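S.K.: So that we are looking at the same thing, I have put the structure below in structure tokens.
The values are calculated or read from the model by the stated rules, or taken from the named source; none is laboratory data. As the structure is a computational prediction, the values presented were derived from the model and not from experiment. Cβ placement follows ideal geometry from the backbone for every residue including glycine, while neighbour counts extend to all protein chains displayed. These accessible areas exclude ligands, DNA and RNA; they are computed on the full protein's heavy atoms, side chains included. Shrake-Rupley method; radii C 1.70, N 1.55, O 1.52, S 1.80 Å.
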Amino acid sequence: INSDHKSAEILDIDVSLNHNCFKTNLFDKRKNFSFSCIRFPHIYSQLSTNTKNNVIYNQVLRIGKICNHITFFNNQAKILYDDLRQRGYTKQSFLSFTLKAFKSHPRVFKKFFISKHQFVHQINMAIT
């Protein structure tokens, strides 16, 4: 879906051109639906704890791969956190598996030019 000649949504990526620089952010067409969609399992579902925790881990990785600026990442992490809180996930589990993704896949996050300490601080600020 092209909104103008300097931006487009491709699959789940919002790509825009601003001052001759590409910016990539997460795009979720479900946000425009007139009804709500359940995207994640409830914490009390019958799925294994490992499967539910991997939801956090894998979504954080997905956001990290798509977003090319830390501000975009933090905004999308906040949206993810809010969605997961509504499904019963805790702040501690969110932070724990977000940090695990950061430490396990440093190449995904190195484009943000931040240390582990800065990353944790920014995530804490974004979700508070």
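S.K.: Taking a probe of 1.4 angstrom, what is the accessible area of Ser34 in Å², to the nearest 10?
M.R.: Roll a 1.4 Å probe over it and Ser34 shows about 120 Å².
S.K.: Pulled fully out, how much extra length does the chain show between Ser115 and Cys37, if you take 0.36 nm times their separation in residues and subtract their Cα-Cα distance?
M.R.: Working it through step by step, the gained length comes to 24.6 nm.
S.K.: Right, something else. Please report the relative contact order for the chain, taking Cα pairs under 8 Å with a sequence separation of at least 6, and give it as a percent rounded to a whole number.
M.R.: On the way: 126 pairs, mean separation 27.9, N = 128.
Value for the chain: 22 percent.
S.K.: While we're here: What nm distance separates the two modelled labels at His69 and Asn20, each placed 7 Å from Cα along Cα→Cβ?
M.R.: It works out to 1.7 nm between the two label points.
S.K.: Which of the peptides 6-13, 71-78 is most tightly packed, and how do the rest follow, going by the mean number of other Cβ atoms within 10 Å of each residue? Write down the numbers at each step before the final one.
M.R.: Values: 6-13: 12.8, 71-78: 18.8.
Answer by packing, highest mean first, reads 71-78, 6-13.
S.K.: Where does the chain land at 222 nm, in deg cm²/dmol rounded to the nearest 500, when only DSSP H runs of n ≥ 4 count, each adding -39500 (n - 2.57), divided by all residues? Numbers along the way, then the final one.
M.R.: Details: 5 runs with 65 residues, N = 128.
Value at 222 nm, helices only, nearest 500: -16000 deg cm²/dmol.
S.K.: Let me ask something else about it. With point charges of +1 on the Cβ of Lys and Arg and -1 on the Cβ of Asp and Glu, referenced to the Cα centre of the chain, which listed residue (Gln118, Phe22, Asn58) lies farthest in the positive direction of the dipole?
M.R.: Gln118
S.K.: Give me the percent of the accessible area of the range 16-128 that comes from carbon and sulfur atoms, probe 1.4 Å, all protein chains in place. Numbers along the way, then the final one.
M.R.: On the way: 3870 of 7110 Å².
About 54 percent, which is the carbon plus sulfur part of the accessible surface.
S.K.: Counting only heavy atoms of the protein chains, get the accessible area per residue of the chain (1.4 Å probe) and round it to a whole Å² value. Don't skip to the answer; put the middle values down first.
M.R.: On the way: 8330 Å² over 128 residues.
Here the residues of the chain average 65 Å² of exposed surface.
S.K.: Indicate the gyration tensor shape class of the range 4-53 (rounded, prolate or oblate), computed on the Cα atoms with a ≥ b ≥ c the square roots of the eigenvalues: a/c under 1.5 is rounded; otherwise a/b larger than b/c is prolate and the rest oblate. Let's see the in-between values first.
M.R.: Numbers: a/c = 5.42, a/b = 2.25, b/c = 2.41.
In terms of gyration-tensor shape, oblate.
S.K.: How would you classify the range 6-116 from its alpha-carbon gyration tensor, with a ≥ b ≥ c the square roots of the eigenvalues: rounded for a/c under 1.5, else prolate if a/b is greater than b/c, otherwise oblate? Kindly include the intermediate steps, with their values, before the conclusion.
M.R.: Details: a/c = 2.53, a/b = 1.31, b/c = 1.93.
Because a/c hits 1.5 or more and a/b fails to exceed b/c, the range 6-116 counts as oblate.
S.K.: Roughly what would the spin-label model give for Asp28 and Thr90, points 7 Å off Cα along C-beta, in nm?
M.R.: 2.3 nm
S.K.: In the structure shown, do any of Lys29/Lys91; Lys6/Lys31; Lys23/Lys91; Lys65/Lys110 have a Cα-Cα gap over 19 Å, and if so which? Display every interim value, and only then the final one.
M.R.: Values: Lys29/Lys91 26 Å; Lys6/Lys31 21 Å; Lys23/Lys91 29 Å; Lys65/Lys110 11 Å.
Too far apart for the 19 Å limit: Lys29/Lys91; Lys6/Lys31; Lys23/Lys91.
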